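**Q** The structure that follows is given in the form of structure tokens.
Where a number appears in this text, it was derived from the coordinates with a stated rule and is not lab data. These figures come from a predicted structure and were not determined experimentally. Virtual Cβ from ideal backbone geometry, glycine too; neighbours counted across all protein chains shown.
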Amino acid sequence: MKILLIRPNSGIVKTPPPLGLMYIAGYIRNKMPVEIKIVDARRGRLDEAGIRKVVEQFGPDIVGITGLHFESIGAHAIAKIAKSLNKVCIVVLGGPYASSDYAGALKDASIDYCVVGEGEESFYELAKSISEGNRPDGLGGIAYRVDSGYLYQPRSGYIKDLDMIPHPAWDLVSLEQYFDSRRLSIGNPLQVEERAVPVFTSRGCPFGCYYCHDIFGKVVRFRSPENVLDELQYLISRYGVKEIEIIDDVFNINKERAKKICDLIIEKGLRLKINFGNGLRADIMDEELLGKLKKAGAYRIIYGIESGSSRIQGIIGKKLNLARTKEIIAITAKKGISVGGFFMMGFNTETKEEILETIEFAKHSRLHTASFYYVKPFPGTKLNVSIKKEGLDYNSPSFSSYNTLSDNLSCVTDKELKDLKRKAYREFYINISRVMDIFKTTPNKLGLVRNVFSTARLMVKDTMAN
């Protein structure tokens, strides 16, 4: 059996390796004899003609496509190409788009199955069933069409022991094409080393933020510190990796485990640079962990804050302790770690005064950097369900940037919201002491200048588009 796993070209600039596809590939080839190929059309900037050539040359029995919701157009285009070349080729869609809107995705006759949620076991069981000539009746985590519409049977649970999952199939992608300090993460424009890769050490998030996708569930599952260290040592010895970006939902939810990972990195002398571009939860951080992270090589931590308004914190389900968050930001900065914050504007019922509270929180904190994004009510999220009850709907599946305003759910006009975002950036960054702190806490000064200008160009482009 031949399986082609592909990520669409959505034009996103910051492009890390497709870890989801790499995990699935590693899992399947450990379970059954199969020839697997991974194609990252986003990183390779492949157009439809390029994708058609790849599919035609490889001749897959199964084409697996992953995608975010705003990559849905590209995902459907790939499915159409696969079916046009071989009508009996099985097309499977996975990732956040398939998980949040499998009913909508299955309206496309070119898509045979959707893998919903965590993909390794579901995709493997589907591939095995197909290879044996059987229908997927009764398989959990798989959605497919039937005469009455579609059928979906949820899985009984998530994979509990993450150590039993093989490491991602790093050998199936050309890592050299990702070793570019301008491209790894949207959350870290201050990246130090070019030879950097993302790493998962846990799955799941116990918090109830209503704007988030829920791919990995609300029960956090962990890789053992030893398992994590094994992968890090492999990446260093095999690929010369010098920096990792830990992209867990909440790496610091189990502080003792996080400290153990730091201790092992220090003990083995791995000499890695570590950044957290995906956002940690600030109000559960402690000073001891920050000290160990610093010693292990952490130079950059982003905290997901979202709003400086206590009311908004409550209605979005994050319920962050803002006072404690400000304390932790200050402690992180004092440790000499570059500290950034993620903020969002345009929540439903959010007032101008509450948006100004967010701006004031950022301005008067010790944050070195801040990113202000527009709220995006993705299908499948609690936010999307909430606004539908209010007679609103999300209608912009093709947006490609959180800096582009597509849906304004707040109490201010579109113009006011755009002006407030400009005000936030202007008032946060026009601060000499903050600029000096950014310079002092960034190890790679030349990279800092290059990346800041690159990021600024993108922001200006998005702002002008609005």
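**Q** Rounded, prolate or oblate for the range 1-142? Axes are the square roots of the Cα gyration tensor eigenvalues, ordered a ≥ b ≥ c, and the cut-off for rounded is a/c under 1.5.
**A** rounded
**Q** Work out which trypsin sites (Lys or Arg not before Pro) in the chain are exposed loop sites (DSSP not H, G, I, E or B, at most 11 other Cβ within 10 Å) and give the longest gap free of them. Write out the running numbers ahead of the final one.
**A** Details: sites that count: Arg45, Lys87, Lys160, Lys218, Arg271.
Formally, the longest exposed-site-free interval is 272-466.
**Q** Determine ³J(HN,Hα), in whole Hz, for all residues of the range 254-269 in sequence, where each value follows from phi through the Karplus function 6.51 cos²θ - 1.76 cosθ + 1.60 and θ = phi - 60°; x replaces Gly and Pro.
**A** 10, 5, 5, 5, 4, 5, 5, 4, 4, 4, 5, 4, 5, 4, 8, x
**Q** Sticking with this one: Ignoring everything except DSSP H segments at least 4 long, calculate the 222 nm mean residue ellipticity for the chain; use -39,500 (n - 2.57) per segment, divide by total residues, nearest 500. Please list the in-between numbers first.
**A** Details: 17 runs with 187 residues, N = 466.
My calculation for the chain gives -12000 deg cm²/dmol from helical runs alone.
**Q** Just report the Cα centroid separation between the range 347-379 and the range 188-215, whole Å.
**A** The range 347-379 and the range 188-215 have Cα centres separated by 20 Å.
**Q** Follow-up. Return the distance in nm (one decimal) between the two label points of a simple spin-label model at Ser433 and Glu226, each offset 7 Å from Cα along Cα→Cβ.
**A** For the pair Ser433/Glu226, the computed spacing is 4.9 nm.
**Q** Another question about this same structure. Tell me the net charge near Asn275. Cut-off is 11 Å between Cβ atoms, Asn275 excluded, with +1 for each Lys or Arg and -1 for each Asp or Glu.
**A** Working: positive: Lys273, Arg300; negative: Glu193, Glu243, Glu245.
Every neighbour counted, the sum reads -1.
**Q** Take the Cα atoms of the chain, find their three principal axes, and give me the spread along each one in whole Å, biggest first.
**A** Answer, in whole Å and largest first: 65, 56, 40 Å.
**Q** Return the lysines within reach of Lys83: Cα separation strictly under 26 angstrom, same-chain partners fewer than 8 residues apart disregarded; answer none if there are no such residues.
**A** Counting by Cα, and skipping residues close in sequence, Lys83 has these lysines nearby: Lys2, Lys37, Lys53, Lys107, Lys128.
**Q** If r is the Cβ-Cβ distance from Asn321 to Glu360 and R0 is 22 Å, what FRET efficiency results, to the nearest 0.05?
**A** Result of the calculation: an efficiency of 0.80.
**Q** Right, something else. Is the C-alpha gyration tensor of the range 11-92 telling us rounded, prolate or oblate? Criteria: a/c under 1.5 is rounded; beyond that, a/b larger than b/c is prolate, otherwise oblate.
**A** The shape class here is oblate.
**Q** Quick check: from the Cα gyration tensor, does the range 88-247 come out rounded (a/c under 1.5), prolate or oblate?
**A** prolate
**Q** Let me ask another. Straight-line reach from Lys292: which lysines have a Cα under 16 Å away, not including same-chain ones fewer than 8 places off?
**A** Lys255, Lys259, Lys260, Lys268, Lys273, Lys334, Lys335
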